Amino acid sequence: MSMSSIDTAVLTQILVRLESLQLSQQVLQAKVDSLTHPASPTIQPVSSNELPSPPRTSLSNPYGAPSTPPLGPAHSTAAAQLGEKAVNGVSAEKEREKVLYPGRVMLTTYPDQHGVKPVPLKWGANNPNERGPVIPSRLSSSIKQRNAIGAHSGSYSIYRALAMAMGTLIPSHKPDYAGTEPPVAIPPNPAWFNPSKIVSFDPWGHLTTQVFRTESASGLDIRPSIAITKAHIKLSEIDESSRKGDIVVDEKVVLKSTPLLNADGTINTADPGVEINVSKAAVEPVWYLPGVAERFKISESLLRRALFEETGGMYPELITRPDIKVFLPPIGGMTVYIFGPPSYLSDETKELTLRVHDECNGSDVFGSDICTCKPYLVFAIEECIRTAQRGGVGVVVYFRKEGRALGEVTKYLVYNLRKRGGDSADKYFRATELIAGVKDMRFQVLMPDVLHWLGIKKIHNMVSMSDMKYDAIVQSGIPIIKRYDIPEHLIPMDSRVEIDAKIAAGYFTSGKPITMEDLVKTVGRTWEETEH
């Protein structure tokens, strides 16, 4: 054995011993903390109808002293300086970490820890003051009073973490929400005050800066989880429909676009097309765990355990904080597009057309013709426009559930299997099951929440062939008068496999039924046919 390998072995043993000593020191510190900072007697125990408190496994009691003390001007300046200059070497990185996170690492918390006193939150209360704000923040001003698990912005919270680590964002930044109020009203309605009607997002999410102004002024980190705005949307397919006369310019719902300029700055004389006047709302998920569990007909404890395990243990407070009932999951939310006056949404006498659409980046954005997602979306938008022009209102709800909530990677793997195995309609669902284990993970039972938030009581027209969506809406208490699917002439040739497989599986169709024998005859395009 060479001298260098012996030295390496010795160094490795030394490092292992040092790590063991560090662990022993942390355990000893935890014992000291438990003696010097006993649990506060003012914290109320968990009631008998709540989940049992699990055994403690953390190494320290961080609430003995604030994990992240308030950042004063000195801390803010230091953080900014660390972000402005290029930092090299381990010592500089450690200095940045100390500025950002001066306390010990807090792995989890418990209901009876010293100083823990969550802001009261009563889901479905009759007014915002009684309901209380949703506070997941770990900032020093809110951490002892947080009443929600997770973080705002869903999966985008990871980018916030990167910005913190890189020094481009300082912890003391306080958002200025002046002038961000909704330009159109989505007012409270009785569904907001029913704890079982809306359980997948915060109905007060767009009004936090108004109804929780006092709480925010006290230093609590309260953020909107819904934003509402107005916009013009422009689609080449709608331009073409306008040119053909299928969509009429009324200068209210549909407006003529401003002419484009040529490269030399002169006005282009070509038809500029049209724009659609809409109101839209971006909604982030905020789950009321007891209500979500009830929707899926499972226990709250099983829901919490599954969420903890299947996110790689990212959220230990799902287990250790049974007193906290709200969770902000790291998933995409939804966008609501409203065609016509939003005030018509709750008026049952006004015709209402609805499309609930689940994200398909490949088709919706890039025009892939292996599915009917974009044709369905465009057709539904046209139907919403016509409804608004008849004096009604149209709604398209766009959910971030890519690939039936299996994800785009799984979707593309399924595409590969289909194309290599002979893309026939009789194998359509089987290909997904072989890879994902299930046909679909969208589970539409939470979907109707947004309709109740909007105040919708009746749907006159629903553009969809999905029984899961139809059943979820009707079972939630909203009747659907008419249901129809995409016209045959709008179905791309290669997506015939998808459509026929769905019809044979029992999906709604206004056309002829399709038998299992018919499915073998429906075959998609091969890869070889695309290579020219």
Those residues of segment 259-292 that are open to solvent by 10 Å² or more (accessible area, probe 1.4 Å), in a loop (DSSP other than H, G, I, E, B) and either in contact with a Cys (Cβ under 7 Å, 6 or more places away or on another chain) or touching a residue at least 40 places away in the same chain (Cβ under 8 Å) (or both) come to a total of 2
From the list S141, S155, S172, S218, which residue is closer than 22 Å to V336 by Cα and modelled with pLDDT under 95?
S155
So in segment 335-348, with the set limited to residues that are farther than 24 Å from E251 by Cα and open to solvent by 20 Å² or more (accessible area, probe 1.4 Å), which one is farthest from the chain's Cα centre (by Cα)?
E348
I'd like the full set of residues that are surrounded by fewer than 21 Cβ atoms within 10 Å (Cβ to Cβ) and outside any helix (DSSP H, G or I), limited to segment 385-396.
R390, G391
Of all residues in segment 210-234, which are under 12 Å from P133 (Cα atoms), buried (at least 17 other Cβ atoms within 10 Å of the Cβ) and in contact with an Asp or Glu (Cβ under 8 Å, 6 or more places away or on another chain)?
I222, S225
Candidate set: segment 132-165, residues that are open to solvent by 30 Å² or more (accessible area, probe 1.4 Å) and of a type in the set (A, V, I, L, M, F, W, C); chosen: the one farthest from L318 (Cα to Cα):
A165
For segment 350-364, does any single residue satisfy the condition of being without any contact (Cβ under 8 Å) to a residue 40 or more places away in the chain, part of a loop (DSSP other than H, G, I, E, B) and surrounded by fewer than 20 Cβ atoms within 10 Å (Cβ to Cβ)?
no
Can you run down the residue pairs with Cβ atoms below 6 Å, 6 or more apart or on separate chains, where the first is in segment 154-179 and within 22 Å of T311 (Cβ to Cβ) and the partner is open to solvent by 70 Å² or more (accessible area, probe 1.4 Å)?
G154/I331
For A178, only one of the following conditions fails: (1) out of contact with any Ser or Thr (no Cβ under 7 Å at 6 or more places or on another chain); (2) of a type in the set (A, V, I, L, M, F, W, C); (3) under 20 Å from L100 (Cβ atoms). What is its number?
(3)
C371, sole failed condition from (1) farther than 23 Å from P183 by Cα; (2) in a loop (DSSP other than H, G, I, E, B); (3) open to solvent by 50 Å² or more (accessible area, probe 1.4 Å):
(3)
Residues satisfying the stated conditions in segment 244-258, i.e. in a loop (DSSP other than H, G, I, E, B) and open to solvent by less than 70 Å² (accessible area, probe 1.4 Å):
G245, I247, V249, D250, V253, S257
Only one of D467, D449, D500, D426 that is open to solvent by 40 Å² or more (accessible area, probe 1.4 Å), of a type in the set (D, E) and out of contact with any Gly (no Cβ under 9 Å at 6 or more places or on another chain)
D426
Go over the candidates F201, F193 one by one and state the one that is touching a residue at least 12 places away in the same chain (Cβ under 8 Å), open to solvent by less than 20 Å² (accessible area, probe 1.4 Å) and farther than 25 Å from L100 by Cα.
F201
Does segment 412-454 hold any residues that are under 25 Å from K521 (Cβ atoms) and among the basic types (K, R), and which are they?
R418, K419, R420, K427, R430, K439
Hey, K427 hits all of (1) part of a loop (DSSP other than H, G, I, E, B); (2) over 18 Å from I473 (Cα atoms) but one; which does it fall short on?
(1)
Any idea which of (1) surrounded by fewer than 20 Cβ atoms within 10 Å (Cβ to Cβ); (2) part of a helix (DSSP H, G or I); (3) touching a residue at least 12 places away in the same chain (Cβ under 8 Å) is the one Y412 doesn't satisfy?
(3)
Can you name every residue in segment 458-484 that is part of a loop (DSSP other than H, G, I, E, B) and within 17 Å of S196 (Cβ to Cβ)?
S476, G477, I478
With the structure loaded, tell me whether K94 is out of contact with any strand residue (DSSP E or B) (no Cβ under 6 Å at 6 or more places or on another chain), outside any loop (DSSP other than H, G, I, E, B) and not aliphatic (A, V, I, L, M) or whether it fails that test.
yes
Under 8 Å between Cβ atoms, at least 6 apart or on separate chains: pull out the pairs that start in segment 85-109 with a residue that is modelled with pLDDT of 80 or more and open to solvent by 100 Å² or more (accessible area, probe 1.4 Å) and end on any residue that is of a type in the set (A, V, I, L, M) and assigned to a loop (DSSP other than H, G, I, E, B).
L107/L59
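The values are calculated or read from the model by the stated rules, or taken from the named source; none is laboratory data. Treat the numbers as computed from the prediction; the structure is a model and nothing was measured. Here the Cβ is made from the backbone with ideal geometry for all residues, glycine too, and neighbour counts use every protein chain on show. Accessible surface areas use protein heavy atoms only, side chains included; no ligands, DNA or RNA. Shrake-Rupley method; radii C 1.70, N 1.55, O 1.52, S 1.80 Å.
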